[in-house]
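**Student:** Could you have a look at this structure, given as structure tokens, before my questions?
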Amino acid sequence: MPAKKKSPDLESALTELETLVTRMESGELTLEESLQAFEQGIKLTRECQQKLTQAEQHVQTLIEQNGEPSFTDFEAPDEAQ
């Protein structure tokens with residue numbers, strides 16, 4: 001039985017997606033190559049969304065295991081210091 005192909009981690013998938021977009025924006029691909037790149041991009045986008053959803057569910061589970069969930073607004077640290 002052949003091994004199931006493992007999907008790339010989130011960072012690898014995002015890097016591959018960025019590469020595909022750059023290649024498509026270059027205008028140097030044929031129509032067939034552009035369609036293949038677009039199809040691969042859709043697949044990668046779905047994989048990334050799935051990984052983010054799984055991570056969100058995991059975080060939610062961890063929060064709930066430690067008692068009542070407590071949600072606060074995220075405030076980015078000031079970068080202009």
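**Student:** Filter the stretch 1-26 down to the residues that are modelled with pLDDT under 90 and either out of contact with any helix residue (DSSP H, G or I) (no Cβ under 7 Å at 6 or more places or on another chain) or among the hydrophobic types (A, V, I, L, M, F, W, C) (or both), then identify the one that is surrounded by the most Cβ atoms within 10 Å (Cβ to Cβ). Spell out the reasoning first.
**Tutor:** As a first pass, look at the stretch 1-26 and keep what is modelled with pLDDT under 90: 1-10.
From what's left, either out of contact with any helix residue (DSSP H, G or I) (no Cβ under 7 Å at 6 or more places or on another chain) or among the hydrophobic types (A, V, I, L, M, F, W, C) (or both): 1-6, 9-10.
Values: M1: 3, P2: 4, A3: 5, K4: 6, K5: 6, K6: 6, D9: 12, L10: 15.
Only one residue tops the list, namely L10.
**Student:** Within the stretch 31-46, is there a residue that is at pLDDT below 85 and exposed (fewer than 10 other Cβ atoms within 10 Å of the Cβ)?
**Tutor:** Restricting attention to the stretch 31-46, the residues satisfying the condition of being at pLDDT below 85 are none.
No, because not a single residue in the stretch 31-46 is at pLDDT below 85 and exposed (fewer than 10 other Cβ atoms within 10 Å of the Cβ).
**Student:** List every residue pair whose Cβ atoms sit under 7 Å apart, with the two residues 6 or more apart in sequence or on different chains, where the first one lies in the stretch 10-32 and is free of Cβ contacts under 8 Å to residues at least 24 places away in the same chain and the second, anywhere, is not in a helix (DSSP H, G or I).
**Tutor:** Sorted first by the residue in the stretch 10-32, then by its partner, the pairs are R23/L29.
The values are calculated or read from the model by the stated rules, or taken from the named source; none is laboratory data. The model shown is predicted, which means the values in this text are computed figures rather than measured ones. Glycine also receives a Cβ, built like all others from the backbone with ideal geometry; neighbour counts cover every protein chain displayed.
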